[in-house]
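The values are calculated or read from the model by the stated rules, or taken from the named source; none is laboratory data. As the structure is a computational prediction, the values presented were derived from the model and not from experiment. Note that we place each Cβ from the backbone using ideal geometry, even for glycine, and neighbour counts take in every protein chain shown.
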Amino acid sequence: MTKQRLFGGTRLSDIASSVKERGEASPFDRSPARPVLPAAEIALTSRKLPALERESIFAVDPRRCRPWKYHNRTEAWYTRERCQDLIDSIARDGQQEPALARRVDGDPAVDYELIYGMRRRFACEFNNAKLRIRVIEADDARAAVLMHIENADRQDITPMERAVSFLAQVEAKLFPTQDAMAEAFGVSKGQVAKMIKAAQLLKQAAIAQLFPEKSTVPVEQAYKLQSLMERAGAKEIVLQAAHNLARRGEGKDAPAVLRHLLSSLDRSRHFEPLRREYNVGAAGRVIVTRNLRGKVTLAFPKGLRASDHEAARTALDQILRDLG
């Protein structure tokens with residue numbers, strides 16, 4: 001089978017392997033405005049021949065750029081300590097890879113929004129240098145795919161940062177369904193569902209306040225806790241445990257906080273208040289109540305007679321079984 005060729009002999013497979021959305025050189029014309037075949041789109045959607053996209057690269061004032069609203073890095077990244085590697089690299093060698101941007105209209109404070117490259121922006125501003133950006137026209141869904149490709153292998157973006165970004169994109173309906181997002185990103189549907197559910201935990205204000213740095217929250221434990229809270233009566237118990245932790249001001253790390261909240265249901269299992277009635281013989285009854293401290297009280301409104309001895313024992317056995 002003959003491999004598909006383009007532009008006088010250029011093979012599609014060569015383009016897919018050499019052209020990256022993150023800024024590697026194109027095999028096409030090297031002019032400031034040049035056509036690009038997005039290899040990332042080929043990899044994610046398995047399209048044989050996506051439409052060519054015009055792009056332009058500019059050197060701009062980094063202060064005139066803002067993050068795209070679905071950017072998956074938190075503000076915690078934009079400090080000298082966390083960007084020192086880029087600060088040193090750009091000061092020594094210049095900016096090697098451009099950021100990806102879209103034009104912004106109607107905002108006098110900014111000209112562009114960055115789909116990715118906010119650390120590069122910080123480092124360039126710190127060095128008082130121009131920021132090199134690749135400017136494209138793309139809707140939010142395509143921007144989300146491009147950002148995912150750029151950051152998929154980066155170890156410095158935490159799983160929870162990705163999860164929060166996934167949730168924001170789903171809530172904004174950038175993709176019609178979670179399954180559509182999974183297909184666009186080239187990840188499993190189960191992984192997307194798990195990450196979105198984990199991020200939903202941070203929508204609970206009582207729990208979110210326990211994590212000064214939300215990006216460090218482990219996705220696996222957050223997913224388990226969010227799933228636990230979907231059980232009948234569990235949400236109130238977990239939220240009360242979160243309020244208690246906040247009131248005590250205990251300085252635990254994120255995994256320790258989640259372990260504490262995950263075990264809150266077990267700790268409260270024997271102390272849920274209740275009120276039940278049981279028959280004692282043919283005419284008698286006993287009312288069982290339990291308060292928040294676990295104290296159990298048995299009341300016999302009609303009293304007990306000697307002939308109720310066996311019936312009372314039967315009722316008491318049932319009560320003990322029900323109370324666990």
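Structural remarks
- Candidate set from the stretch 203-219 (those that are touching a residue at least 40 places away in the same chain (Cβ under 8 Å), within 13 Å of the chain's Cα centre (by Cα) and in a helix (DSSP H, G or I)); member that is surrounded by the fewest Cβ atoms within 10 Å (Cβ to Cβ): Thr216
- Among residues of the stretch 67-81 that are under 19 Å from Phe126 (Cβ atoms), those with a Cβ under 8 angstrom from a residue that is part of a loop (DSSP other than H, G, I, E, B) and of a type in the set (A, V, I, L, M, F, W, C), sequence gap 6+ or separate chain, pair up as Arg73/Ile157.
- Test for Ala144: is it outside the structural domain of Gly249 (by TED's automatic domain parsing) and under 30 Å from Ala241 (Cα atoms): no
- Test for Ala222: is it assigned to a helix (DSSP H, G or I), buried (at least 16 other Cβ atoms within 10 Å of the Cβ) and touching a residue at least 60 places away in the same chain (Cβ under 8 Å): yes
- Evaluation of Asp153 against the conditions (1) under 22 Å from Arg120 (Cβ atoms); (2) under 15 Å from the mean Cα position of the chain (by Cα); (3) surrounded by fewer than 19 Cβ atoms within 10 Å (Cβ to Cβ) shows that the sole unmet condition is (2).
- Residue check, Leu201 at pLDDT 95 or above and either at negative phi or out of contact with any helix residue (DSSP H, G or I) (no Cβ under 6 Å at 6 or more places or on another chain) (or both): yes
- Condition check for Lys173: modelled with pLDDT of 95 or more and either more than 30 Å from His260 (Cα to Cα) or not assigned by TED's automatic domain parsing to the domain that holds Tyr78 (or both): no
- Flag for Phe166 being without any contact (Cβ under 8 Å) to a residue 60 or more places away in the chain, within 15 Å of the chain's Cα centre (by Cα) and buried (at least 21 other Cβ atoms within 10 Å of the Cβ): yes
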